[in-house]
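Undergrad: Input: one structure, supplied below.
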Amino acid sequence: MTTTQRRDQTGTQFGDWLRTRHQELIGSQNFSAQNLDYIWHNYRDGWFVTIEEKRWRRLSDKAQMDTHGIVAQMLKASSGVPVQTMRGVRPAEYRGHYVIVFENTSPEDGWVNVNKRRVTEFELLELLTTGKIGK
């Protein structure tokens, strides 16, 4: 199995090192290396969501969906558990994983889908301010 090459020039030196010198790790049948674009944390109210951003109508591949799904399930299972923060021990509420797909690059130049549902800019802002989106 070969390593998927980057589609853009936004990689890091570590990522380049893995892709060029250690393909056996991320190109094997044992490991999947996925990034997560945002952990959107409202630290005052104690909630957070995870966000994967996709531009140019792209979708997550199966490996990324699988890995992000595992992380989301683990976070959901521990949601509300008290954790140490800069403000002391407080519960942290996980409000879900969201895949935001832009027709082009942002809400300003085309449509927006959140978890495979077309949304307005208002609904996107609702997600960012409340950690939830209208049904």
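The values are calculated or read from the model by the stated rules, or taken from the named source; none is laboratory data. If you're wondering where the values come from, they're calculated on a predicted model, not measured in any experiment. Note: ideal-geometry Cβ built from the backbone for every residue, glycine included; neighbour counts use all protein chains shown.
Residue-wise test of (1) in contact with a Gly (Cβ under 8 Å, 6 or more places away or on another chain); (2) free of Cβ contacts under 8 Å to residues at least 40 places away in the same chain; (3) not in a strand (DSSP E or B).
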| position | (1), (2), (3) |
| --- | --- |
| Arg58 | no, no, yes |
| Met65 | no, yes, yes |
| Gly96 | yes, no, no |
| Phe122 | no, yes, yes |
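Undergrad: Still on this structure, I have one more. If we scan the range 87-94, do we find a residue that is farther than 16 Å from Val49 by Cα, among the hydrophobic types (A, V, I, L, M, F, W, C) and at pLDDT 95 or above? Lay out the reasoning, then the answer.
TA: First, pick out the residues of the range 87-94 that are farther than 16 Å from Val49 by Cα: 87-90.
Okay, now just the ones that are also among the hydrophobic types (A, V, I, L, M, F, W, C), so 89.
Remaining after also requiring at pLDDT 95 or above: 89.
Yes; the residues of the range 87-94 include at least one that is farther than 16 Å from Val49 by Cα, among the hydrophobic types (A, V, I, L, M, F, W, C) and at pLDDT 95 or above.
Undergrad: Just checking, how many residues over the range 31-40 are surrounded by 15 or more Cβ atoms within 10 Å (Cβ to Cβ) and modelled with pLDDT of 95 or more?
TA: Final tally of qualifying residues: 1.
Undergrad: Can you name the number of the only condition in (1) touching a Lys or Arg at 6+ places or on another chain (Cβ under 7 Å); (2) under 16 Å from Gly131 (Cβ atoms); (3) at pLDDT below 95; (4) not small (Gly, Ala, Ser) that Thr3 fails?
TA: (2)
Undergrad: A further question follows. Could you list all residues from the range 84-103 that are surrounded by fewer than 12 Cβ atoms within 10 Å (Cβ to Cβ) and touching a strand residue (DSSP E or B) at 6+ places or on another chain (Cβ under 7 Å)?
TA: Of the residues in the range 84-103, the ones surrounded by fewer than 12 Cβ atoms within 10 Å (Cβ to Cβ) are 84, 86-89.
If the condition is that a residue be surrounded by fewer than 12 Cβ atoms within 10 Å (Cβ to Cβ) and touching a strand residue (DSSP E or B) at 6+ places or on another chain (Cβ under 7 Å), then Val89 is the only one that fits.
Undergrad: Here's another thing I want to ask about it. Using the structure shown, decide if Leu36 is assigned to a loop (DSSP other than H, G, I, E, B) and touching a residue at least 12 places away in the same chain (Cβ under 8 Å).
TA: yes
Undergrad: Something else now. Here is a check on your reading of the model: is Gly69 at positive phi, at pLDDT 95 or above and surrounded by 12 or more Cβ atoms within 10 Å (Cβ to Cβ)?
TA: Details: at positive phi: no; at pLDDT 95 or above: yes; surrounded by 12 or more Cβ atoms within 10 Å (Cβ to Cβ): yes.
So Gly69 fails the test.
Residues checked against (1) touching a strand residue (DSSP E or B) at 6+ places or on another chain (Cβ under 9 Å); (2) among the hydrophobic types (A, V, I, L, M, F, W, C):
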position: Glu24; (1), (2): no, no
position: Asn35; (1), (2): yes, no
position: Trp47; (1), (2): yes, yes
position: Thr50; (1), (2): yes, no
position: Arg55; (1), (2): yes, no
position: Ser60; (1), (2): yes, no
position: Ala63; (1), (2): no, yes
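Undergrad: A further question follows. Could you tell me how many of the residues in the range 104-127 are under 16 Å from the mean Cα position of the chain (by Cα) and crowded, with 16+ Cβ neighbours inside 10 Å?
TA: 5
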